[in-house]
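The values are calculated or read from the model by the stated rules, or taken from the named source; none is laboratory data. All values reported here derive from a predicted model rather than from experimental measurement. Heads up, the Cβs are rebuilt from the backbone with ideal geometry, glycines too, and the neighbour counts pull from every protein chain shown. Only protein heavy atoms, including side chains, enter the accessible area calculation; ligands, DNA and RNA are left aside. Shrake-Rupley method; radii C 1.70, N 1.55, O 1.52, S 1.80 Å.
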Amino acid sequence: YNTKSLKHVTIPFIGSKIDNPATFYEFFVCESLESIKLTNCNYLKNSTFRNMKDLKEVIIMGDLTDIPDNAFEGCESLQSVEFSDSVVQIGSSAFKDCFDLRSFTLNEDFEQIRSSAFENCYRLWEVYNYSEFVITAGAENSNAGNIGMYAIKVHTSEDSEPVVYETINDVYYFGYVD
């Protein structure tokens with residue numbers, strides 16, 4: 001397939017696994033994909049979206065329980081990820097070098113975040129933590145894949161107000177309301 005100009009894609013999965021993960025991965029090695037929505041998805045291969053530099057938004061719905069190792073590593077423009085509540089594990093380096101990732105939500109059933117899962121996510125300023133993990137804003141949180149390292153605010157209830165940030169001449173100004 002000529003996928004060089006493809007910007008947005010929605011794929012409804014049928015079945016429990018992608019029949020040929022290698023073919024699936026090759027399909028998504030395209031230079032301009034900005035958003036992807038997978039419905040009825042319950043399996044991803046390691047490194048599935050790795051180094052997709054223009055990818056900004058990902059929505060994955062279904063019974064997926066594990067974000068595999070290196071799944072989104074190097075997706076430098078990734079800002080938004082949305083998963084169903086069935087996700088309970090994040091693999092090693094799954095979001096490493098996602099420099100633009102702004103927030104992330106851990107549901108109450110979350111079990112494991114492997115090492116370096118959020119390494120170099122410099123703009124991961126908000127973490128919504130409904131899990132049993134103890135996550136401290138600005139701390140390494142090595143037991144939680146460094147998810148809190150760059151956080152300004154870790155929300156632990158639905159009442160918390162989001163972080164407010166503004167960009168002026170590529171300089172970020174931020175604060176939060178409790």
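Note on residue 135: accessible area is roughly 20 Å² with a 1.4 Å probe, heavy atoms of protein only. For the cross-link pairs 7/96; 53/96; 37/96, the ones whose C-alpha atoms lie over 18 Å apart are 7/96; 37/96. Placing pseudo-labels 7 Å out from each Cα toward the beta carbon at residue 84 and residue 130 gives an inter-label distance of 1.5 nm.
Determine the sum of side-chain charges near residue 149: Lys and Arg each +1, Asp and Glu each -1, restricted to other residues whose C-beta is under 14 angstrom from that of residue 149. Residues close to residue 149 contribute a combined charge of -1.
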